[in-house]
Amino acid sequence: LIEAFQRLQPEGWKLVLVGGSSDTREYATKLIDLADNNPNIVFTGEVPSYLVGEIVQKAGLFVLPSQIEGLPLALLEAMGGGVPTLASNIPVHLQLIANNRGLLFPVNDLEACTNSLNWAINHPQELAVMAKNAQEYIEADYNWEKITTETLGLYKQLCAKPQGARNRLIDAIAKNYHRGNMEIID
């Protein structure tokens, strides 16, 4: 992302990298070297979570070029807040950003990231439509009421299974475990 931003040098834009580094000191040094003292690239370091939300809400674009992610809460927060998003095309991003809810680029592809970033910067109206679509999607599918209802439904379904069947499964697992056979047999 730093390299893409450096290539573009977009007028009126800052690249704000929020959070500390969980990587090695060498990697952190590499990032600082890539920034090359560009005053438009800001490393915030660790910040309290309430400030992260404020920073994201004020962003013109949220970019997540991850190679691997679980469920990226920062991306969900950006989308839910109506912030336009650009992300690598890893599976979880494909699911969240599909259907005109943001922009995707091939993971680990600097040229594609640069081109996507350039397009995003130069197409604010199209990005606003995508951001609105994303916000509506998050409000409909990732709200606490829906999540709570689905989780409770799953618990009720699991608790409703007959005890006998559950106990037979546990016995089969234990029996096979003691035999050194880890296969589950009905």
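Observations, loosely collected:
- Selection of region 1-48 for residues being surrounded by 11 or more Cβ atoms within 10 Å (Cβ to Cβ) and β-branched (Val, Ile, Thr) yields Ile2, Val16, Val18, Thr29, Ile32, Ile41, Val42, Thr44, Val47.
- Output for region 54-91, where each listed residue is among the β-branched types (Val, Ile, Thr) and surrounded by fewer than 17 Cβ atoms within 10 Å (Cβ to Cβ): Ile55, Ile68
Table: residues versus (1) modelled with pLDDT of 65 or more; (2) surrounded by 12 or more Cβ atoms within 10 Å (Cβ to Cβ); (3) in a loop (DSSP other than H, G, I, E, B).
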{"position": "Ala120", "(1), (2), (3)": "yes, yes, no"}
{"position": "Met130", "(1), (2), (3)": "yes, yes, no"}
{"position": "Gln135", "(1), (2), (3)": "yes, yes, no"}
{"position": "Ala140", "(1), (2), (3)": "yes, no, no"}
{"position": "Leu152", "(1), (2), (3)": "yes, no, no"}
{"position": "Tyr155", "(1), (2), (3)": "yes, no, no"}
{"position": "Asp171", "(1), (2), (3)": "yes, no, no"}
{"position": "Gly180", "(1), (2), (3)": "no, no, yes"}
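One line per residue, one yes/no per condition, for (1) closer than 21 Å to Leu127 by Cβ; (2) in the same structural domain as Asn122 (by TED's automatic domain parsing); (3) polar (S, T, N, Q):
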residue	(1), (2), (3)
Leu8	yes, yes, no
Val16	yes, yes, no
Asn40	yes, yes, yes
Ser66	yes, yes, yes
Gly70	no, yes, no
Ala78	yes, yes, no
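- Residues located in region 56-104, provided they are among the small types (Gly, Ala, Ser) and not in a strand (DSSP E or B): Ala59, Gly60, Ser66, Gly70, Ala74, Ala78, Gly80, Gly81, Gly82, Ala98, Gly102
- Gln125 vs. criteria farther than 24 Å from Gln9 by Cβ, in the same structural domain as Val16 (by TED's automatic domain parsing) and surrounded by fewer than 19 Cβ atoms within 10 Å (Cβ to Cβ): no
The values are calculated or read from the model by the stated rules, or taken from the named source; none is laboratory data. Remember, predicted model here, so these are calculated numbers, not experimental data. So basically every Cβ, Gly included, is an ideal-geometry build from the backbone, and we count neighbours across all protein chains shown.
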